[in-house]
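Step one of this worksheet: look at the structure below.
The values are calculated or read from the model by the stated rules, or taken from the named source; none is laboratory data. Predicted, not measured: the structure shown is a model, and the values here were computed from it. In this analysis, Cβ positions are derived from the backbone assuming ideal geometry, glycine residues included, and neighbour counts consider all displayed protein chains. Ligands, DNA and RNA are excluded from the accessible area calculation, which covers all protein heavy atoms including side chains. Shrake-Rupley method; radii C 1.70, N 1.55, O 1.52, S 1.80 Å.
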Amino acid sequence: MISYLLRTLRLGFKSLLLHKLRTGLAMLGILIGVTAVIWLVALGEGVSYQAQKQIEDLGATNIIIKSVKPPAGQARGGGSTRVISYGLTRQDYFNILELVPEIQRATPMREIVTVAWYGGRQTDIHLLGVTSAYQEINHLDLDAGRFIEQADTDRAENICVLGSDAALSLFGYEEPIGRTVQLHFNMASALFRVVGVTKSRSPSAAIGGSLEGREYNSDIYIPLETFRQRIGDQVITSRSGTTEGELVELSQITATVGSINEVEGAAGTIRELLERVH
């Protein structure tokens, strides 16, 4: 039996040596095929890991409800001023908390794109009005100082927390805690004292085409009540000689359920609830 196997192996090797080009091409084809399979499997695992990491960063038990700006043609107003009204309301936030039993907690947020100054430095930012719950629900870590607290919201304090890139752009390697930055809104500006800086965080990519990616590092956070009192629901911007405005109460509501299994049901209930009033 052993001699038969040895004779078979010798004949096989001799046949391969007699057809070197054919053997080489066959081996090359096998090598390319195996490499391609390994590469595709590794690529699939990498994509899967990235998607799971993005969902984990956003919160696997979080339901994100965002205001979507309608077409510009729906704006109202005459002359050079156009105002468009849309989006979530504060009553939507209370309804979600009260009428969706799976929701354990929720946090509202208002956002505008604007600029910030410190000394001679200026940078484009996303200005967010948030509550104290925003940090934990969105998994934000602090590099220095503290985040917004309930007392800041209650007193509508002029304080802010900087994203890591915003802090670097405005202060370089200076210590930002305790200093004041100037934030622009509604063709005016106000001074805000820095109380915290968040750690650098990778941006969240868009998921499923329904949620825009978020660059947390360029955000600046202020208390939601401060946003409402200092800026208001209507935000006016001036561009190319025309004045544009939007009337929005809340840009986003992030709601949290107890387990992943409750996400789909709670999201469906929220969708039905919002369709009744919007």
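Which of rounded, prolate, oblate describes region 78-126, given a ≥ b ≥ c as roots of the alpha-carbon gyration tensor eigenvalues and a/c under 1.5 marking rounded, otherwise prolate only if a/b is larger than b/c? All intermediate terms of the calculation are to be shown ahead of the outcome.
Values: a/c = 5.77, a/b = 1.60, b/c = 3.61.
It comes out oblate by the Cα gyration axes.
Would you list, by chain and number, the aspartates and glutamates whose Cα falls below 14 Å from the Cα of LYS66, excluding same-chain residues fewer than 8 positions away?
Within the straight-line cut-off, LYS66 pairs with ASP92, GLU111, GLU212, GLU249, GLU275.
Expressed as a whole number of Å, what is the distance separating the alpha-carbon centroids of region 96-118 and region 122-169?
13 Å
Add +1 for every Lys or Arg and -1 for every Asp or Glu among the other residues with Cβ under 14 Å from the Cβ of ASP124, and state the total. Intermediate results must be reported in sequence, preceding the final value.
Details: positive: ARG121; negative: GLU111, ASP165, GLU215, ASP219.
Here the charged neighbours net out to -3.
In nm, what is the difference between 0.36 nm times the number of residues separating ARG179 and ASP124 and their Cα-Cα distance? The partial results should precede the final answer.
Working: separation 55, 0.36 × 55 = 19.80 nm, distance 1.86 nm.
17.9 nm is the gain from fully extending ARG179 to ASP124.
With each label point set 7 Å from Cα along the Cα-Cβ vector, what nm distance links SER132 and HIS278?
In this crude label model, SER132 to HIS278 measures out at 2.8 nm.
Between VAL41 and ASP143, what is the spin-label point distance in nm, taking each point 7 Å from the Cα along the Cα→C-beta axis?
Once both label points are built, they end up 4.0 nm from each other.
Roughly how many nanometres apart are two label points built 7 Å out from the Cα toward the Cβ at MET27 and SER202?
Placing both labels 7 Å beyond Cα along the Cβ direction yields 3.9 nm.
Need one value: the accessible area of THR243 in square angstrom, 1.4 angstrom probe, rounded to the nearest 10.
30 Å²
Counting Lys and Arg as +1 and Asp and Glu as -1, each charge on the Cβ, what is the dipole of region 112-199 about the Cα centre in debye, to the nearest 20? Present the calculation step by step, with values, prior to reporting the outcome.
Numbers: 6 positive and 11 negative charges, 47 e Å.
Using only the charged Cβ atoms, the result is roughly 220 debye.
Whole-Hz ³J(HN,Hα) for each residue in region 221-231, computed from phi via Karplus 6.51 cos²θ - 1.76 cosθ + 1.60 with θ = phi - 60°, x for glycine and proline: what do you get?
Going residue by residue, I get 9, 10, x, 4, 5, 5, 4, 5, 7, 7, 10 Hz, with x marking Gly and Pro.
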